[in-house]
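Novice: Just passing along the structure, written as structure tokens.
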Amino acid sequence: MITIILNIIGLILIIYSIYIIRKDLTNHNTAVNDLNQIEERVKEYYNLTEEIIEEFDEMIDSKLEMINKKNEKIHNEQLNSIINSDNNLLSNDSSDMVSINSSSIHKNVVELKKIGLTNEEIAKKLNKGIREVEIILKMYENIKSLH
């Protein structure tokens, strides 16, 4: 009689253990599903971030292109005025060309800074050194503070 009672108690404990294991397994599966959903959202956010970065790079490139076109137009106008004023000036004095070209670089640096790029990003975009960009920006700030 005691063995039957012990067998029944053992059977009840086994059934209860199976119930607890199934409940824990269900909780585990729910947690795994939640983690999978979170992973999918992270991947989606990552892809959206990549798209935003690409759009931002395209915007920066288009701004640079606009700036370069404006600078080229200004450069051509200045060059034409130099040619018209004195034909010999071009052959004798090449320092004007250098100053015109360097002013367009300065404008590019300032415009990119206004857009919100860091000094390192500006240097990469313009193929210039970081220190050169920093110096140009300091000169710009000094000129701005004088006015």
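Novice: Quick one: is GLU58 modelled with pLDDT of 85 or more and either among the charged types (D, E, K, R) or exposed (fewer than 14 other Cβ atoms within 10 Å of the Cβ) (or both)? Before the answer, list the steps.
Specialist: Working: modelled with pLDDT of 85 or more: yes; either among the charged types (D, E, K, R) or exposed (fewer than 14 other Cβ atoms within 10 Å of the Cβ) (or both): yes.
Taking the combined requirement at face value, the residue satisfies it.
Novice: Please enumerate the residues belonging to the range 99-147 that are open to solvent by less than 80 Å² (accessible area, probe 1.4 Å), in a helix (DSSP H, G or I), at pLDDT below 90 and among the small types (Gly, Ala, Ser).
Specialist: Listed by number, the residues that qualify are SER99, SER102, SER103, SER104.
The values are calculated or read from the model by the stated rules, or taken from the named source; none is laboratory data. Just so you know, these numbers come straight off a predicted model, no measurement behind them. A quick note on method: Cβ atoms are made from the backbone with ideal geometry, for glycine too, and the neighbour counts reach across all protein chains shown. Accessible surface areas use protein heavy atoms only, side chains included; no ligands, DNA or RNA. Shrake-Rupley method; radii C 1.70, N 1.55, O 1.52, S 1.80 Å.
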